[in-house]
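Visitor: Have a look at the structure that comes next, please.
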Amino acid sequence: MKYRTLGRSGAVVSTYALGTMTFGSETAETEAARQLDEYTARGGNLVETADVYSGGESERIVGRWLGTLDEQARANIFLATKGRFPVGVEPRDAGNSRRHLRRALDASLVRLGVEHVDLYQLHSWDPLTPLDESLGFLEDAVRSGKISYAGLSNFTGWQVAKATTLAADRVPLISMQPQYNLLVREVEWEVVPACIDGGLGILPWSPLGGGWLTGKYSATEAPTGATRLGEDPERGVEAYAGRSARDRTWTTISALTEIATERGVTLSQIALAWLHDRPGVTSIILGARTVDQLTENLGASHLVLTAEEVARLDHASDPAAADYPYGAPGIEQRARTVD
Ligand SMILES: NC(=O)c1ccc[n+]([C@@H]2O[C@H](COP(=O)([O-])OP(=O)(O)OC[C@H]3O[C@@H](n4cnc5c(N)ncnc54)[C@H](OP(=O)(O)O)[C@@H]3O)[C@@H](O)[C@H]2O)c1
């Protein structure tokens, strides 16, 4: 396992984080505890959850597991959670207002069985709450000792830039979670540069595109069985119809398959190794249904791709920005050198 400091902070985290979105849904508690044991035994220290995962059950499972650790093992964990979405039945109990976030953070601390978390993240932008109000809440939460650092999730480029500017000298804003993987690279146009400029460490979510980059789905047969899309082909951003209709999905999987075969490793390991060394990325948030999947994915921590392999993957997965402003003429226009 490798380690990096997270954003402009001195906090050291492993370059693979353990996401817990499956806990309490696809993954039962005993299997979840085995994943947490395996992850920490392999040197992982960043455990990432959210109040909304499995209606709060993911945080409860993580909390019960933390309760089994001795003091030193507990102190080694960098614990991250998120708030913003409704957890109960009342849809208006949501957003990034001071009122909602105070209640959400306190409820997360109770479910996790802790007095403070290392990182508290705004799960998404809130168009109804002035950003200054949300940052004021985070500032107070740091001062009261309930959180050590603050982070963002699912903000667009201008939203990241606004948040880092407003937070300067006020809130230790250190990270941002976007969806980022070989099938979703549009974040490279605005979000990634805004994070680098603002000193935020990037924590990519869905690094395997929800399972697509393992090669488990086929262009010719609808998904079946105990897989995300076998259970629900219309599920979220990874829905089968959208991704299977895109040529880029299949050129990317084909390039992954070639490189994985040449290296004698799996597609998921190649996809993770590609993401590991992208500019701005600090720690990849892994997701797994089973401990076997997690073990396979952690196997990527030993892999470093060659420049030629990276170029092949970049080419196959190119999101094809048009000419301007994100394509070649725009990039050239903004470039400047001293000679
Ligand atoms: N901030 C946000 O809005 C946000 C959103 C989503 C996720 N997240 C975070 O990011 C974490 C990871 O996201 P994700 O779960 O979507 O990640 P992912 O790695 O893209 O997908 C994980 C899923 O892919 C399949 N899989 C993983 N490894 C496999 C392997 N080696 N072989 C075969 N199948 C494999 C499993 O699904 P099946 O076995 O069911 O097919 C697994 O649940 C979450 O736990 C959460 O902490 C954050």
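The values are calculated or read from the model by the stated rules, or taken from the named source; none is laboratory data. Keep in mind that what you see is a predicted model, and the values were worked out from it rather than measured. As a convention, Cβ positions derive from the backbone with ideal geometry for all residues, glycine included, and neighbour counts pool all protein chains shown. Remember, those area values only see protein heavy atoms, side chains included, never the ligands or the DNA or RNA. Shrake-Rupley method; radii C 1.70, N 1.55, O 1.52, S 1.80 Å.
Visitor: So, R0 is 51 Å and r is the distance between the beta-carbons of Glu139 and Ala311; what FRET efficiency does that work out to, to 0.05?
Guide: 0.70
Visitor: Hey, another quick one. With the contact rule set at Cα under 8 Å and sequence spacing of 6 or more, what percent relative contact order holds for the stretch 200-339?
Guide: RCO, the stretch 200-339: 28 percent.
Visitor: Hey, if you put +1 on the Cβ of every Lys and Arg and -1 on every Asp and Glu Cβ in the chain, which of Gly19, Leu256, Gly88 ends up farthest toward the positive end of that dipole?
Guide: Gly88
Visitor: Something else now. Quick one: among Arg60, Arg111, Arg143, which has the greatest mean-square fluctuation in a GNM of the chain with alpha-carbon springs under 10 angstrom?
Guide: Arg143
Visitor: I'd like the accessible area for Asp277: 1.4 Å probe, protein heavy atoms, all chains in place, Å² to the nearest 10.
Guide: 90
Visitor: Could you state the accessible area per residue of the stretch 152-235 in Å², with a 1.4 Å probe and every protein chain left in place? Can you show the working numbers first?
Guide: Values: 3350 Å² over 84 residues.
Accessible area per residue: 40 Å².
Visitor: Turning to a different aspect of this structure: On the full set of protein chains, 1.4 Å probe, figure out the accessible area of Lys162 and give it in Å² to the nearest 10.
Guide: 90
Visitor: Relative to a virtual label point 7 Å from the Cα of Ala107 in the Cα→beta-carbon direction, which members of the stretch 44-79 show backbone nitrogen distances below 17 Å?
Guide: Flagged as within label range: 49-63.
Visitor: Can you give me the % of accessible surface on the stretch 3-334 that is carbon or sulfur? Probe 1.4 Å, all protein chains present, nothing else counted.
Guide: Result for the stretch 3-334: 53 percent of the exposed heavy-atom area is carbon or sulfur.
Visitor: So what are the radius of gyration and Dmax for the Cα set of the chain, in Å?
Guide: Calculated on Cα positions, Rg and Dmax stand at 19.8, 61 Å.
Visitor: Filter the GluC sites (Glu not before Pro) in the stretch 188-255 down to the DSSP loop ones having no more than 12 other Cβ atoms within 10 Å, then list what survives.
Guide: Passing both the DSSP loop test and the Cβ count: Glu221, Glu234.
Visitor: Next question, about the same structure. Compute the Cα gyration tensor for the stretch 214-278, then decide on rounded, prolate or oblate, letting a ≥ b ≥ c be the square roots of its eigenvalues: rounded whenever a/c is under 1.5, prolate when a/b is larger than b/c in the other cases, and oblate in all that remain.
Guide: Judged from the Cα gyration tensor, the stretch 214-278 comes out prolate (a/c at least 1.5, a/b above b/c).
Visitor: Moving to a separate point now. Gain in length, Ser25 to Glu71, computed as 0.36 nm per residue apart minus the alpha-carbon separation, to one decimal in nm?
Guide: Net length gain for the segment: 13.7 nm.
Visitor: Using a cut-off of 27 Å between alpha-carbon atoms, which lysines can reach Lys216, once sequence neighbours fewer than 8 places away in the same chain are excluded?
Guide: none
Visitor: In terms of Cα to Cα distance under 17 Å, which aspartates and glutamates are near enough to Lys2, apart from those fewer than 8 places away along the same chain?
Guide: Within the straight-line limit of under 17 Å, Lys2 reaches these aspartates and glutamates: Glu38, Asp277, Glu296.
Visitor: State the Cα centre-to-centre distance between the stretch 189-243 and the stretch 249-294 in whole Å.
Guide: Distance between centres, Cα-based: 12 Å.
Visitor: Moving on to the next point. Placing +1 at every Lys and Arg Cβ and -1 at every Asp and Glu Cβ, with all other atoms neutral, what dipole size does the chain have around its Cα centre, in debye to the nearest 20?
Guide: My answer is approximately 580 debye.
Visitor: List the lysines whose Cα lies under 23 Å from the Cα of Lys162, skipping any in the same chain that are fewer than 8 positions away.
Guide: By straight Cα distance, Lys162 reaches Lys82.
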